[in-house]
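Read the structure below first, then the notes.
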Amino acid sequence: MIKPRPIVLLSLLGLLLQGCDPELKREDKYARPEWLAGKVYTQMLEQPDLSTFTLCVELTGYDTIIDRSGSYTIFAPDNDAFATWFQQHPVYNVVEDIPYEELDKLVKYHMVQNPWSKIQLRSLDVWGWIDTLDINNDKPRGFKRETLLLEKNRKLGIKYIEVGKDVQIVDTLESSWHRMYYTDSRKFAPVFFKEYFDIYNLNTDDYTFYFDRPIESTDDLYFAGAKVIGDEIFAENGFLYRVDKVVDPLPNAYEMLETETGNQSYSLFLDLLNRFPEFRYNEDKTFNQPGAKEGLVVDSLFELTYPELAFDILNEETTPPRGTFGLPSNVSIRYHHGVAAPTNEAFNQLINDYLAGAGKWGNLENAPQHIKRIIANTHLSNNPIYPTDFDNGFINGEEDRVTVDQSDIVHKQYGSNATFVGISKAITPRAFSSVTGPIYQQRGYSFSMFAIEQSGLLPALKRENRDYMLFVETDADCREDSSLIYDYVKETFHLYQGSGKAAKAHGLNVNELRTLILNHIGTSNPRGFAKKEFIKNLAGNYLVVNNETGEVSGTAPTTVGYSGNETVSEFPEQISVDADNGVTYRIMNWFSFSAASLFQQISSKYPAFHNLLRKAGLSRDQEYRYPFLSDNENYTVFVPTDSVLNAFRADTLSIPDLRDLLMLHFVQGELIFTDGNVTPGFYETTRIDERSTEFSKVFSQIYIDPGTDLIFFPDKTGGEFLAVPESNVTNHMTGRTVGTGQEVFPVVLINAVVHEIDRVLVFEELDSNQ
């Protein structure tokens, strides 16, 4: 054993003696510095004008919580604010009168998780602190903060819309079935400052509208409707703010809708929204309830969403608009939603105006689910609705821009997940006010309506500032010729080719439905001046309108039934009355569409012209195309007759001259018909001009005047060189087929129109602006 040396023992004894010195007690080293602020509760006690709120905190037991653990930001109403609150709530005289549950909610809503200084309250977005050098994160869009208020799980009554299928939420007294909605998010409270309104091109009057007070200074902060007074009070575990108003916990959209205000109720609109819930059982939350693991009976807990609506009306957490990508999972601090809810009277008026009456659905209950969804989403918005949006319009859940007349607003409220305005006049869905109106309101056009829904074409059809002409068959006509049949049970479409036992069924997929509908939507209505007008449709094809007879057709003769043997003339009947983006017509038979290629048209009908193209090296017969033309360009071709070309002796020209001559007859970039719907001017041909160089290609231009029933070519003096009147040898459209060629409805794009002419175009004699 090694013995310690005497000098070491003496040193240890000295240290022990030193430790006994009262001037050097160890606990003094860890004594609390006098300059260190206390925790938030301690700081509240030192503010005499916050004594009422301090008492609220003590009565709810939160004094022991915020004075020991965690970090918080407290927006504490001063005593004057509580005096005003008691005047507004005369049922209570003092804090002790307030029921514990209500007081608990009030206290928790004024407490925000985590410490936030004034600078931090106006410097946040979903990615964290903003950075002025980061263009993707340089604006304080994060204006909301999560409070400590978590509502209790909610019992919701349910009933099945169809047995074993979709459910809807009803009053718990109306059904013995229920679902327990698991509340997994605390309530949020907005913190407003001028920069927030600047970011979204709003103004401070938008704040005043909801909170009945102005933003007095650009430096002010507002906790919902309460103004922050003075600077933040620093605490060891957070910040304390005085505010000049008691903020009652803001309700969410669901809570606002179920609350009657004055004599106004929104229960019918809420009933409509409650047709779209989706419950998802949460096993983890269910078995984490007290007693569940011990075998006690507990409620099954469900998550609740509204996937077909613009947002989840009962969820405190908010989501970005559809089509927004690349954001973190929780974006509630930035996004807020909007509700423009019709009163019960306004809701009933909307139903009476658009669904009741002869031939219509009769009432909301009879209407298909997607019509209910359209009405619901028309009054919801992914974004908050402010007065600035009333006139400029806001984008609703159907992605339509709609406006609200301020004189129709009977209630306004800022909620925890949405702004809310109650309106005495419902917003008309654009599905009802556009060319789709007759189709969506009347039972007799349900096949076309379901086809529009299934193909996703409603957004295109209801666009504003359009002049559509839309053609549809009734359900009865579709059944009569078997050209479009909808199976309501399987939600599928098919048609029959032929009749009787020889009839062949064809199923229709989404793309084929789109082709059918798009072919029947003209992009403009006829002006009525020319004998015939050629209206482009949304499928890239054309409708032919005979203004003399009223007949309308596609690019092929109309037949009875799909690819029928019997051709028929179609004279549409207007059925829309006040559509704001065009006219809707009823037809007895769907139009037909087909088109030969330009190569087929010229080679078969104009052999002399085709042989000259081949001689000039401008045709590749084995490939069935003319190599100087592009499939992605439009052309107007003026083809001289065989006799005219023979008389001109074009075959005697040199190859370069022959090429120039032939390519002058192809006008590129435009389809010119005899309906006068394009403007006169210089049009570019495919002829390569003498001004071309090895570095740039220039095409020769000639002047063309497309008049009504006549296409005029002036000569160099302005006189007549050639006039091409409308006839049976003009306006022959050609195109190309897109797709596999096996589609039920061929996808044909018209990219050329051919006019037969009785004179050869000569560049030197035409007005070529040279």
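State the number of residues belonging to region 123-162 that are within 15 Å of VAL331 (Cα to Cα) and among the acidic types (Asp, Glu). Total satisfying the criteria: 2.
For region 688-721, residues that are open to solvent by less than 40 Å² (accessible area, probe 1.4 Å) and among the β-branched types (Val, Ile, Thr) total 3.
When you check ASP248 against the structure, is it farther than 26 Å from GLY397 by Cα, assigned to a loop (DSSP other than H, G, I, E, B) and touching a strand residue (DSSP E or B) at 6+ places or on another chain (Cβ under 7 Å), yes or no? Full working, then the answer.
Details: farther than 26 Å from GLY397 by Cα: yes; assigned to a loop (DSSP other than H, G, I, E, B): yes; touching a strand residue (DSSP E or B) at 6+ places or on another chain (Cβ under 7 Å): no.
Judged against the criteria, ASP248 is not a match.
Taking the residues in region 756-770 that are outside any strand (DSSP E or B) and open to solvent by 50 Å² or more (accessible area, probe 1.4 Å) as candidates, determine which candidate is farthest from ASP689 (Cα to Cα). So that I can check it myself, show each step before the final result.
We begin by selecting, within region 756-770, every residue outside any strand (DSSP E or B); these are 758-765, 767-770.
Next cut, open to solvent by 50 Å² or more (accessible area, probe 1.4 Å) only: 758-759, 764-765, 769-770.
Values: ASP758: 24, ARG759: 22, GLU764: 12, GLU765: 15, ASN769: 12, GLN770: 11 Å.
Here the answer is ASP758.
Of all residues in region 44-67, those that are touching a helix residue (DSSP H, G or I) at 6+ places or on another chain (Cβ under 9 Å) and either part of a loop (DSSP other than H, G, I, E, B) or open to solvent by less than 40 Å² (accessible area, probe 1.4 Å) (or both) total 14.
With respect to the conditions (1) in contact (Cβ under 8 Å) with a residue 60 or more places away in the chain; (2) open to solvent by less than 10 Å² (accessible area, probe 1.4 Å), LYS105 falls short on a single one, namely (2).
Any residue that is under 27 Å from PHE394 (Cβ atoms), touching a strand residue (DSSP E or B) at 6+ places or on another chain (Cβ under 6 Å) and either surrounded by 14 or more Cβ atoms within 10 Å (Cβ to Cβ) or at pLDDT below 95 (or both) - is there at least one of those in region 148-168?
Step one: of region 148-168, the residues under 27 Å from PHE394 (Cβ atoms) are none.
No, because not a single residue in region 148-168 is under 27 Å from PHE394 (Cβ atoms), touching a strand residue (DSSP E or B) at 6+ places or on another chain (Cβ under 6 Å) and either surrounded by 14 or more Cβ atoms within 10 Å (Cβ to Cβ) or at pLDDT below 95 (or both).
Residues in region 525-532: is at least one closer than 30 Å to GLY707 by Cα, open to solvent by less than 60 Å² (accessible area, probe 1.4 Å) and within 30 Å of the chain's Cα centre (by Cα)? Looking for residues that are closer than 30 Å to GLY707 by Cα, open to solvent by less than 60 Å² (accessible area, probe 1.4 Å) and within 30 Å of the chain's Cα centre (by Cα), one finds at least one in region 525-532, hence yes.
Out of region 421-448, which residues are hydrophobic (A, V, I, L, M, F, W, C) and either without any contact (Cβ under 8 Å) to a residue 60 or more places away in the chain or under 30 Å from GLN264 (Cα atoms) (or both)?
Filtering region 421-448 for residues hydrophobic (A, V, I, L, M, F, W, C) gives 421, 423, 426-427, 431-432, 435, 439, 447.
Within region 421-448, VAL421, ILE423, ALA426, ILE427, ALA431, PHE432, PHE447 meet the criteria.
In region 479-506, of all residues being hydrophobic (A, V, I, L, M, F, W, C) and under 34 Å from the mean Cα position of the chain (by Cα), the one that is surrounded by the fewest Cβ atoms within 10 Å (Cβ to Cβ) corresponds to VAL489.
Here the condition is being open to solvent by less than 50 Å² (accessible area, probe 1.4 Å), under 30 Å from TRP129 (Cβ atoms) and hydroxyl-bearing (Ser, Thr, Tyr); of THR343, THR318, THR261, THR324, it holds for THR318 alone. Within region 175-205, the only residue that satisfies the criterion of being in contact with a strand residue (DSSP E or B) (Cβ under 6 Å, 6 or more places away or on another chain), open to solvent by 50 Å² or more (accessible area, probe 1.4 Å) and not in a loop (DSSP other than H, G, I, E, B) is HIS178.
Suppose we keep only residues that are polar (S, T, N, Q) and not in a helix (DSSP H, G or I) within region 637-657. Which one would you say is nearest to HIS610 (Cα to Cα)? Top of the filtered list is THR641.
From the list VAL738, VAL724, VAL753, VAL748, the one residue that fits, being under 21 Å from LEU671 (Cβ atoms), at pLDDT below 95 and open to solvent by less than 20 Å² (accessible area, probe 1.4 Å), is VAL748. Here ALA292 clears all of (1) outside any strand (DSSP E or B); (2) open to solvent by less than 20 Å² (accessible area, probe 1.4 Å); (3) modelled with pLDDT of 95 or more except the condition numbered (3). The set of residues from region 450-459 being touching a strand residue (DSSP E or B) at 6+ places or on another chain (Cβ under 8 Å) and open to solvent by less than 50 Å² (accessible area, probe 1.4 Å) comprises PHE450, ALA451.
On inspection, GLU566 fails the criterion of being open to solvent by less than 40 Å² (accessible area, probe 1.4 Å) and of a type in the set (D, E, K, R). When restricted to residues that are among the aliphatic types (A, V, I, L, M), open to solvent by 30 Å² or more (accessible area, probe 1.4 Å) and part of a strand (DSSP E or B), region 533-553 contains 0. Here PHE682 passes the criteria (1) open to solvent by 70 Å² or more (accessible area, probe 1.4 Å); (2) under 16 Å from ALA595 (Cα atoms); (3) assigned to a strand (DSSP E or B) except the one numbered (2).
The values are calculated or read from the model by the stated rules, or taken from the named source; none is laboratory data. This is a predicted model, so every value here is computed, not measured. Counting neighbours? That spans all protein chains shown, and the Cβs are built from the backbone with ideal geometry, glycine included. Surface areas here come from the heavy atoms of the whole protein model, side chains and all, with no ligands, DNA or RNA. Shrake-Rupley method; radii C 1.70, N 1.55, O 1.52, S 1.80 Å.
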